[in-house]
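The values are calculated or read from the model by the stated rules, or taken from the named source; none is laboratory data. The model shown is predicted, which means the values in this text are computed figures rather than measured ones. Positions of Cβ are backbone-derived with ideal geometry, glycine not excepted, and every protein chain shown enters the neighbour counts. Please note that ligands, DNA and RNA were not included when accessible areas were found on the heavy atoms of the full protein model with its side chains. Shrake-Rupley method; radii C 1.70, N 1.55, O 1.52, S 1.80 Å.
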Amino acid sequence: MSNDLTKKVLITGATGGIGQSLIPVFLENNYQVLAVTRDLVKAQKMNYFKEVEFIELDIYSEFQNLKIHSDIGVVHLAWQGLPNYKSEFHIGENLPLNYNFIKYLVQNGFKKFLITGTCAEYGLQNGMLKSSVPTQPNTQYAFAKDTLHKQLRFLQNNFEFNLKWARLFYIYGEGGERNNSILKQLDKAIDDGDKTFNMSGGEQLRDYLAIEEVATQLFLLFESLKDGVFNVCSGEPISIRRLVENHIEKRGSKIAINAGFYPYLDYEPMEFWGEKDISL
């Protein structure tokens, strides 16, 4: 790795979907990238493996073994237990584990953090949601993320550090979606040769953003000097049915939509999207 690189970043959750798209953006912009992973074998499969300094470490149980200088910005993507949004694990275990890790870095002089939150922190609020809207989390996952953010704001009363809290909306594209996402399920149905695709009524309005644009927004946010809360989103609502129809057309499939097969989720509002905070 070249020694003339002065810009550095430490990334957790580096082998996850967002990390896989974000790391190349940092590399393209001449950053020296350090990435923490619990699975070095998985990391070795990444095409940028040789360009990144991977540190094999469990940040939740071995963070005191993370021996790097504090003159490096941190992008914290890691979060366990998804997509179990209603699991008590998020509050009972994930929340203190993540707080203790970040607090350790802060206490040891780290000054620059970009941490991913979730649009689920807004709860059941409808319409266009500004990042300044008070949060109303209604799942254990959203509550844990929102509480972590608030705990870190209290920590700023005692330590000086920059915190950018990035609320992610819905993501599509290779690596960006969870295995239970509607487009992943649709792709599987098409690939399996199913004649119909079962879904909800599809009238929900959501804010979807391509994984490549998510990575770009996160990079631009990391580079900015601002401290605060930011929506990572498209700013444009789309109905789930239209999203599915567009994807079927993109795939050139003849699969039929069976709308109304599943009920609407009780922990999500019918219509919400973000006000875009980050200009590309």
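Here the helices (runs of 4 or more DSSP H) wholly within region 182-269 that include at least 1 residues being at pLDDT 95 or above, in contact with a Ser or Thr (Cβ under 6 Å, 6 or more places away or on another chain) and open to solvent by less than 70 Å² (accessible area, probe 1.4 Å) are 182-191, 211-223. Regarding region 103-123, can at least one residue be identified that is in contact with a Pro (Cβ under 7 Å, 6 or more places away or on another chain), acidic (D, E) and either within 26 Å of D207 (Cβ to Cβ) or surrounded by fewer than 19 Cβ atoms within 10 Å (Cβ to Cβ) (or both)? Checked region 103-123: at least one residue is in contact with a Pro (Cβ under 7 Å, 6 or more places away or on another chain), acidic (D, E) and either within 26 Å of D207 (Cβ to Cβ) or surrounded by fewer than 19 Cβ atoms within 10 Å (Cβ to Cβ) (or both). All told, S279 falls short of being surrounded by 13 or more Cβ atoms within 10 Å (Cβ to Cβ) and either in a loop (DSSP other than H, G, I, E, B) or free of Cβ contacts under 8 Å to residues at least 60 places away in the same chain (or both).
The residues of region 86-102 that are in contact with a helix residue (DSSP H, G or I) (Cβ under 8 Å, 6 or more places away or on another chain) and either open to solvent by 60 Å² or more (accessible area, probe 1.4 Å) or not hydroxyl-bearing (S, T, Y) (or both), listed by number, are K86, E88, F89, H90, I91, N94, L95, N98, N100, F101, I102.
If you go through region 151-164 one residue at a time, do you hit one that is hydrophobic (A, V, I, L, M, F, W, C) and closer than 21 Å to P269 by Cβ? No, region 151-164 contains no residue that is hydrophobic (A, V, I, L, M, F, W, C) and closer than 21 Å to P269 by Cβ. Quick one: is I171 outside any loop (DSSP other than H, G, I, E, B), under 21 Å from A14 (Cα atoms) and either touching a Gly at 6+ places or on another chain (Cβ under 6 Å) or modelled with pLDDT under 95 (or both)? Answer is yes for this residue.
Taking first residues from region 44-58 that are within 19 Å of A78 (Cβ to Cβ) and open to solvent by 80 Å² or more (accessible area, probe 1.4 Å) and partners that are among the hydrophobic types (A, V, I, L, M, F, W, C) and at pLDDT 95 or above, the Cβ contacts under 8 Å between residues at least 6 apart in sequence or on separate chains come to E53/V33; E53/L34; E53/A35.
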